[in-house]
Amino acid sequence: MTLWEKMKASPVLGGKEGVIGLAVLAAVIFVILPLSVDIFRLNLIGKYLTYAFVAVGLVMLWGHGGILSLGQGIFFGLGGYAMAMFLKLEASDPESTKIQSTPGIPDFMDWNQLTALPWFWEPFKSLPFTLIAVLTIPALFAYIIGYAMFKRRVGGVYFSIITQAIALILSILIVGQQGYTGGVNGMTDLRTMLGWDIRSDSAKYILYFVNGLLLFGAIFLSKYIMSSKFGM
């Protein structure tokens, strides 16, 4: 059996149509777009691709499981927020924030008269911890919500309403705790990652391709899950 025949027969790849679809998507993301648009638009497309992770999750949950979650952005947002915390702390070193009343803490904390970094921010000074937190915090939160509702056989429109309510509660909490979260402004002025300037054009190209590879990893993982006994 040739490699092409093996690929077509793979349930993870989705047969012949799946292989062709993935090949076209890869060509568009990794070849056509980088060669045809400027860095500004490519950076925007890279941001749009991050939302595709949410779409993959909704395809599994709603498309295959028949369960509509109106709060899917919670889990995407928690992971993104964890990464932003690391980047914000790196941009808030004492030298960069020496004009603040309290140097060494994020600017929005200083504006809200905090005088020390909150304890739950401290671990996010570590990139390895942050990368683990990006995955585990949303997963743990989703497990708690899912266990609580599925244990009581909550489904249909009730599940959708509850997830929407949870999203609203979290948004109010985050916006209301501006001194700890940045409030409605969120995280701004993110500059470097381990000293690497993420605002440069070269960094934007690299992060675009990394984002594309991670998206394909998420697609393959979802296809693998759906083709397994667990997925069925």
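The values are calculated or read from the model by the stated rules, or taken from the named source; none is laboratory data. Note that this is a predicted model, so its numbers are computed, not measured. In this analysis, Cβ positions are derived from the backbone assuming ideal geometry, glycine residues included, and neighbour counts consider all displayed protein chains. Surface areas here come from the heavy atoms of the whole protein model, side chains and all, with no ligands, DNA or RNA. Shrake-Rupley method; radii C 1.70, N 1.55, O 1.52, S 1.80 Å.
Sort out the exposed loop trypsin sites (Lys or Arg not before Pro) in the chain (DSSP loop, at most 12 other Cβ within 10 Å) and tell me the longest stretch that has none. Each step should come with its number before you reach the end.
Values: sites that count: K98, R152, R153, R199, K229.
The longest such stretch corresponds to 1-97.
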* Enter the Cα centre distance for the pair the stretch 71-140 and the stretch 144-158, rounded to the nearest angstrom. => 31
* Asked: By accessible area of protein heavy atoms, probe 1.4 Å, what ranking do L135, L78 get, highest first?
  -> L135, L78
* Asked: Cα gyration tensor of the stretch 67-130, axes a ≥ b ≥ c as square roots of the eigenvalues: rounded (a/c below 1.5), prolate (a/b > b/c) or oblate?
  -> prolate
* To do: Keeping all protein chains in position, work out how much accessible area Y224 exposes to a 1.4 Å probe, and write it in Å² to the nearest 10.
  => 140
* **Gaussian network model of the chain, Cα within-10 Å springs - most flexible of I67, I45, I144** => I144
* Among L68, N211, Q113 - extreme Cα towards positive end, dipole of the chain, charges at beta-carbon -> L68
* Structure fact -> One checks the Cα atoms of the chain and finds Rg and Dmax, in Å, of 20.7, 69
* To do: Search the structure for amide H atoms under 5 Å from the amide H of L70, placed 1.01 Å from N in the peptide plane, and list their residues when 5 or more places away or on another chain.
  => T163, Q164
